[in-house]
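This report concerns only the one structure given below.
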Amino acid sequence: MCKTNERPEGRVLLWSIHRSLSTAFHRCILQNSAIETVQEPMHEAIWFGPEGAADLREQHGLTERPESTFNNIKLRLEALPSPVFVKDMPGYLVGQDLDLVIPDTFQHTFMIRHPARVARSYLKAYNITETDTAEADAAGGVSWTISQTYRVYQHIKDKMGVKPIVIDASDFQDDPKALLQTYCDAVGLPYDDKMLHWQPGPVDKWVQSPMWLPKPELMEPWYKAVFASCEPICTPHGQQDTIESIMETLPDALKVVVKEQEAAYYDMAEGRLMPSYTKHDQ
């Protein structure tokens, strides 16, 4: 991993919290054909690798692939030519020695979202209404995704000796173009206005990837909104729901988790990257 103040330009890994609009952000980057992109490669180790989830393979009738280890995926990423953008989830690295699985030669960045917004998105994604068990599952998901992201964030910050670049989903919604330009400038990726528009439909590169091919019906619901879109959704800060109003709608189990995870969120959000004219608090 690059240490001290070393920031390799044009080689970027975006670690993201679940339900943080990171797939939409990646969809924008994908529009620039000059950039090699990879979507959640560590997912392959979870589904197929010997260190992954054997219960998932058994449940869905999948066969283990000995070569699909976290370290092999790390080496595969390190061999990619520049410029390259990789988007992945720290939650996939639970139980792993981070020194052995986090790719070197990359600038590591993070995309976060306030826990209340993550919680509301979980409720919508799981179509949760009055089922206590489902609410508990969602609460566990919110706690897991934020705490694991914070774990990887702290690890990388300690190794680099400098705070990693962090972007927030609410700033992306506020002005997609401005945040994309600012992010690309900061990490050394070429920005192009093509990133703001595309044709609706599945992304061939994603649906043909190792995490899609065995069970596309399991993946499609999480990508449905992005595949139906033709541009990033713009919702200015002043039109976004307040955290207080969101909290009022959450079940008690999720309210507790949101409060527990706020400290990690605010620590990461402090000094986050945003266009210079954006002064709003989240």
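The values are calculated or read from the model by the stated rules, or taken from the named source; none is laboratory data. Bear in mind the structure is a predicted one, so any value in this text is a computation, not a measurement. Every residue, glycine among them, receives a Cβ derived from its backbone with ideal geometry; neighbour counts consider all protein chains shown. Note: accessible area is taken over every heavy atom of the protein model, side chains too, but ligands, DNA and RNA are not part of it. Shrake-Rupley method; radii C 1.70, N 1.55, O 1.52, S 1.80 Å.
The phi-based Karplus calculation (6.51 cos²θ - 1.76 cosθ + 1.60; θ = phi - 60°) puts the 3J(HN,Hα) values of the range 155-164 at 4, 5, 4, 5, 5, 7, x, 8, 5, x Hz, whole numbers, x for Gly and Pro. Within the shell of other residues whose beta carbon sits under 12 angstrom from the beta carbon of residue 72, the net charge comes to -1, with Lys and Arg scored +1 and Asp and Glu -1. Using 0.36 nm per residue and subtracting the Cα-Cα separation, the extra length available between residue 270 and residue 67 on full extension is 69.1 nm.
With a cut-off of 14 Å on the backbone N, the residues of the range 55-70 near the modelled label site 7 Å out from residue 100 along Cα-Cβ are 69-70. Under the criterion of Cα pairs below 8 Å and six or more residues apart, the relative contact order for the range 16-154 equals 30 percent.
In the assembled protein chains, residue 227 presents an accessible area of approximately 20 Å² (probe radius 1.4 Å).
For the chain, calculate the relative contact order in percent as a whole number, restricting contacts to Cα pairs under 8 Å that are 6 or more residues apart.
Here the relative contact order equals 28 percent.
Taking only the C-alpha atoms of the range 64-129, Rg followed by Dmax gives 15.7, 46 Å.
Would you mind computing, in nm to one decimal, how far apart the modelled labels at residue 193 and residue 241 are, each placed 7 Å from Cα along Cα→Cβ? The two pseudo-label positions are separated by 3.5 nm. Length gained on full extension, residue 60 to residue 178: 38.3 nm, using 0.36 nm per residue less the C-alpha separation. Most tightly packed first, judged by the mean number of other beta-carbon atoms within 10 Å of their residues, the peptides 47-57, 143-153 read 143-153, 47-57. The Cβ shell under 12 Å around residue 234 holds other residues with a net charge of -3, Lys and Arg each +1, Asp and Glu each -1.
Can you classify the range 84-233 as rounded, prolate or oblate using the Cα gyration tensor, where a ≥ b ≥ c are the square roots of its eigenvalues, rounded means a/c under 1.5, and otherwise it's prolate if a/b beats b/c and oblate if not? Because its axes are fairly even, with a/c under 1.5, the range 84-233 counts as rounded. The largest accessible area among 28, 230 belongs to the first residue in 230, 28, and the rest follow in falling order (1.4 Å probe, all chains). Rounded, prolate or oblate: which fits the chain, taking a ≥ b ≥ c as square roots of the Cα gyration tensor eigenvalues, rounded meaning a/c under 1.5, else prolate when a/b beats b/c? Note, shape of the chain comes out rounded. State which entries of 87/194; 74/224; 87/159; 124/157; 87/255; 74/259 exceed 31 angstrom in Cα-Cα distance in the structure shown. Over 31 Å Cα-Cα: 124/157; 74/259. Near the amide H of residue 168, within less than 5 Å, lie the amide hydrogens of 112, all on another chain or at least 5 residues away, with H placed in the peptide plane. Dividing the helix sum by the residues of the chain, where each DSSP H run of 4 or more adds -39500 (n - 2.57), gives a mean residue ellipticity at 222 nm of -14500 deg cm²/dmol.
Mind running the shape call on the range 213-260? Use the C-alpha gyration tensor, a ≥ b ≥ c as the square roots of the eigenvalues: rounded below 1.5 for a/c, prolate if a/b tops b/c, oblate otherwise.
The shape class here is oblate.
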